[in-house]
Structures are given as structure tokens and as C-alpha cells.
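To start, the structure itself, in C-alpha cells.
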């Protein structure tokens, strides 16, 4: 009996202990905290406030109910001669246990509704960013700014498969993070290209499914610069664990400088399409593109995964006509997991990776694929 009472007592205190511990958890040990993270945006703060309100209401109710139950068990125990009452109904008690919970629910509903209205208030945004989920990467497009790029996992295949030591930011590093400014309301227009993904940044209090053919909206506004990490939370295939979300929040002046740099890059890129790239230049760039976008399926050595992903080493596609090789990357292959890369890679990157696949691992075709070849194929479609 004593052990049971102790267990019940500890169960009663556990919410209070959790609240006390959670208030002292540092950012460095956030992965071990018992409470939900507070976040850095108005949306995440609203969610945290609701969570705490509900937690305290449930804690008070728990203490009141269990406290009353323990008192009754002690004060009216059989050893003191207590005799159980025998009654059929009591309208007053029935009204109390109906009205009081209803009032509690109303009290809980008011702040919850206010928070939900804030979470879904995506109007009057200062910046619009289109977020598109691909297998297994994210694409960010700054609406009206002419800036669009892919954000892919930077962690090497050697680290993933245990051939090299895991780095400090293992599976949490990307080629290019999403960048937003402080003090601005940013609206995210989230969709998918192939299968359903889910874009989640815990510190922003944002989690939305990325569904092909459908846009869902979310927003964030923060005054705290820093790097915030999330991930895809919808099982989306073999590389599901390899598509982290990394967001950098910069001061407005620094953000404007970054945006101007990206616009300059876009303008400079336009001039590279007509450039005659050398064999070695294409090999270097192609290897980098291949490791980021192709190696997860076809493997770093080009041998693929038998029965799942075909090998590119000694492949008829890689050894065949250059136009057919370009077509596979731009159009994809219907009925297979080979998706179109037309919207994921630039003409330069497609040319480089085609060139690399045709001249790596002993394929040694010897020809050169230029960006203008890719552009001509696209325009001839």
C-alpha cells in the first residue's frame, strides 16, 4: 500500500518536476529537454504559450483531483469506522461536474483560438518565398527577386556510409541555406514536385506538408539572427533522412547584401551558358554536381545499387548518344525513380554532370557536353 501511494505521489509531482527542469535547460542541451522549445518567432512563442497554459491547467486539475482522492482515502478509511454512503443520484453534483469542465474548456479555447488565428494569418507579408520539396532536396525561390536555388545535403557519402569520420554538422549541413532577414514577415509558399514532403523548422514553429499540385502557406518573423535547423518530417523515400532544412536569419542590411550578391550571380550565370567549357573544368564541376545530386542513388563509384538503381559505369546511356543522355536528365524516365532534373539543375550543371558521367569510372567516351547543348535540347522540346 505504501509503495503504491509513493508511486502515485511521484506521478502527481512529475508535471511539476518537468516544468521546473525545462525552465533551466540550455540551448546546447535542447535535445535532452523535457519541455517543448520556446522558439524565436511570434508563431513559435504563441504555440509555447498555449502549451504552458494547458500544462499548468492540467497540473492544477491533477493536483486537485488526486489531492481530494488521497484525502478521501485517508479520512474515510475503513479502519476509522467509515461506512460507505449509498445514494442513487445527486443533481447538484451532476451539474457541478458538467458545468465546471465546460467552463475550463471555454477558458482553454479562448487563447488557443487566438493562437491559431495568429498561426494562419499569412497576410501582409514583406517577403514571399516559394519552397519546393524534391527527392531529396529543397528549392527556394524568392518571388519577384529573380533568385532561385537548390539546397542539398552537404554531408559526404563517405560519412554517411561510415567510410570517414562524421563531422560536427553531420546530416545538418547544406550547400545553400534559406536566408531571411530579421524584423520582416516572411511568407513561405510550400509545395512538392514528386512525392509528399514536410517542411519543418522547430524554432520557427512551422511545419507544413509539401504536396505536389497544392500550396500551403506559413509565415515567420524573428528579431534573433542565427542558424536554425529542421528537416523533412514526411517519409518520402530512400533519402528521406538526407534532406535537412537550414535557415540563416541575418540582420536586414546583411540580408540585402546577400540578396544583391545572389542577383549578381544570376546575371553572371546567364553569360556562362554560351561559354566554351574545357574538358577538365566540366569534370571538376560535374563531379561536385554528381556527388550532391546523383550519388545517393547511383553511388559514388557509379555502380548503382543492383536491382534498385542502375549503374552508370559501362551504362548504355552514358556510352551512347550525348543527346539521349541529356534527355534522361531533363525528361526523367517514366515508370522509374529517375525524376526530371530540368527544374533542379541549371544548364551548366546538367552539362557538367552529363560530361562527368560519360568520362568517369573508365567510361572514357571522350566527348564534351556544353551548356549550350542542354539549352538547345530544351528549346527544341
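Between residues in region 304-328 that are free of Cβ contacts under 8 Å to residues at least 40 places away in the same chain and residues that are loosely packed, with under 15 Cβ neighbours inside 10 Å, which pairs lie under 7 Å by C-beta distance while being six or more apart or on different chains?
Cβ pairs passing all conditions: 317/324.
How many residues does region 320-347 hold that are surrounded by 15 or more Cβ atoms within 10 Å (Cβ to Cβ), touching a helix residue (DSSP H, G or I) at 6+ places or on another chain (Cβ under 8 Å) and not in a loop (DSSP other than H, G, I, E, B)?
8
Restricting to region 211-252, give me the number of residues that are under 30 Å from residue 304 (Cβ atoms) and part of a strand (DSSP E or B).
So the answer is 6.
Between 94, 123, 141, 159, which is in a loop (DSSP other than H, G, I, E, B) and either on the phi < 0 side of the Ramachandran plot or over 22 Å from the mean Cα position of the chain (by Cα) (or both)? Spell out the reasoning first.
Numbers: 94 fails: in a loop (DSSP other than H, G, I, E, B); 141 fails: in a loop (DSSP other than H, G, I, E, B); 159 fails: in a loop (DSSP other than H, G, I, E, B).
Testing whether each residue is in a loop (DSSP other than H, G, I, E, B) and either on the phi < 0 side of the Ramachandran plot or over 22 Å from the mean Cα position of the chain (by Cα) (or both) leaves just 123.
For (1) under 30 Å from residue 288 (Cα atoms); (2) surrounded by fewer than 19 Cβ atoms within 10 Å (Cβ to Cβ), each residue gets a yes or a no:
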position	(1), (2)
157	yes, yes
163	yes, yes
168	yes, yes
183	no, yes
207	no, yes
210	yes, no
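Could you pull out the residue among 102, 115 that is more than 28 Å from residue 194 (Cα to Cα) and either in contact (Cβ under 8 Å) with a residue 12 or more places away in the chain or part of a strand (DSSP E or B) (or both)? Don't jump to the end; show me each part of the working.
Working: 102 fails: either in contact (Cβ under 8 Å) with a residue 12 or more places away in the chain or part of a strand (DSSP E or B) (or both).
Criteria check complete, one pass: 115.
Just to check your reading of the model, which residue among 213, 261, 302, 239 is out of contact with any strand residue (DSSP E or B) (no Cβ under 9 Å at 6 or more places or on another chain) and farther than 25 Å from residue 183 by Cα? Walk me through how you get there before you give the answer.
Working: 213 fails: out of contact with any strand residue (DSSP E or B) (no Cβ under 9 Å at 6 or more places or on another chain); 261 fails: farther than 25 Å from residue 183 by Cα; 239 fails: out of contact with any strand residue (DSSP E or B) (no Cβ under 9 Å at 6 or more places or on another chain).
After applying the criteria, what remains is 302.
Could you pull out the residue among 103, 117, 95 that is surrounded by fewer than 11 Cβ atoms within 10 Å (Cβ to Cβ) and under 30 Å from residue 211 (Cβ atoms)?
Working: 103 fails: under 30 Å from residue 211 (Cβ atoms); 95 fails: under 30 Å from residue 211 (Cβ atoms).
None of the other options fit; the residue is 117.
Taking the conditions exactly as written (within 30 Å of residue 345 (Cβ to Cβ), out of contact with any strand residue (DSSP E or B) (no Cβ under 8 Å at 6 or more places or on another chain) and surrounded by 13 or more Cβ atoms within 10 Å (Cβ to Cβ)), does residue 145 satisfy them or not? Write out each step before concluding.
Numbers: within 30 Å of residue 345 (Cβ to Cβ): yes; out of contact with any strand residue (DSSP E or B) (no Cβ under 8 Å at 6 or more places or on another chain): yes; surrounded by 13 or more Cβ atoms within 10 Å (Cβ to Cβ): yes.
In short, yes.
Coordinate-derived values only; no laboratory data. This is a predicted model, so every value here is computed, not measured. Cβ: placed from backbone, ideal geometry, glycine included. Neighbour counts: every protein chain shown.
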